[in-house]
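J.: Below you'll find the structure I mean.
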Amino acid sequence: MSSLRFVIMTAALLITTTASGQSVPSVLTQAVAATEAAKAPYAFDIELQGAERTWRARFHPETDPRVRLIEPQRDQLSGDERRAFDSYARDVEGVSWCASENMALVRDVRLLREDATSATYAFQPTAESVRGEQARRYIDRMRGELTLSKANPDVTSIRLFTPAPFSPVPLVDVRRVNVAITCQLAPNGRRYAAETVSDISLSAFGRDINQRTVQRARNLQ
């Protein structure tokens, strides 16, 4: 399985997964409202870095296609790689805001820790909070955490992980999934998913697979 496929699998979890629940912290509500009011259709550069190769592309909301592959050249891709990239490109709708409107779609939010400047919450993702059939199928195995800034409230980081190994299908054992999103300020002053680091370890049909992929979004214009 190519590195890009792993990126796509975890991106399906990350594009819309954030947190809320039966009792939404007021600081989170403020963060979502501020982000929704400030959202803008930015163009930006995309970098997907895996063990096998690095992909670079450019997203522009007003072009067709909206995602243009820059490196490697399309004729350098295998058939599987081309189909994987095309699938990824179709799913990208724009900047992934950290305090997105989908925060009300998960459950079991609870405070883990806080200090004078930030608070970290645990949450349970749900099928309604993610994209992709594969992601929805195994979402009950995932857990999440996010950190909120208290001044000018915004989400500063998100983590999704599997608390225990599991077997989604016979002869496949998922030992570990850990996805960490680092949020940075966009030109509008709200935070977006600037870097997503995915660590995945599994055994499939007697073969051990360990992958680390990094997805970056930068140069918002």
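J.: Using only helices, what value at 222 nm comes out for the chain when you add -39,500 (n - 2.57) per DSSP H run of length 4 or more and divide by the total residues, to the nearest 500 deg cm²/dmol?
T.: Working: 4 runs with 43 residues, N = 221.
Dividing the helical sum by the residues of the chain leaves -6000 deg cm²/dmol.
J.: Once every Cα of the chain carries one equal point scatterer and solvent is ignored, give the base-10 log of I(q)/I(0) from the Debye formula at q = 0.08, 0.10, 0.17 Å⁻¹, two decimals.
T.: Values, matching the q order: -0.28, -0.45, -1.24.
J.: Around residue 187, what is the net charge, scoring Lys/Arg as +1 and Asp/Glu as -1 over all other residues with Cβ under 13 Å from its Cβ? All intermediate terms of the calculation are to be shown ahead of the outcome.
T.: On the way: positive: 39, 190, 191, 218; negative: none.
Neighbourhood net charge equals +4.
J.: Carbon and sulfur: what percent of the chain's accessible surface (1.4 Å probe)?
T.: 47 percent
J.: Oh, and also: Compute, for residue 171, the solvent-accessible surface of its heavy atoms (probe 1.4 Å) with the complete set of protein chains present, and express it in square angstrom to the nearest 10.
T.: Counting only protein heavy atoms, residue 171 exposes about 120 Å² to solvent.
J.: Within region 194-221, find all residues whose amide N lies under 12 Å from a label point positioned 7 Å from the Cα of residue 175 along Cα-to-beta-carbon.
T.: Output list for this probe position: 200-204, 207-211.
J.: Send over a whole-number figure in Å² for the accessible area per residue of the chain, probe 1.4 Å. Show your work: numbers first, answer last.
T.: On the way: 11170 Å² over 221 residues.
That works out to 51 Å² for each residue.
J.: Give me Rg/Rg_expected for region 32-147, where Rg uses Cα atoms only and Rg_expected = 2.2 N^0.38 Å with N residues.
T.: So region 32-147 has a normalised radius of gyration of 1.31.
The values are calculated or read from the model by the stated rules, or taken from the named source; none is laboratory data. What you are looking at is a predicted structure, and each value in this text was computed from that prediction instead of being measured. Here the Cβ is made from the backbone with ideal geometry for all residues, glycine too, and neighbour counts use every protein chain on show. To get the accessible areas, we keep the full protein, side chains included, count just its heavy atoms, and leave off ligands, DNA and RNA. Shrake-Rupley method; radii C 1.70, N 1.55, O 1.52, S 1.80 Å.
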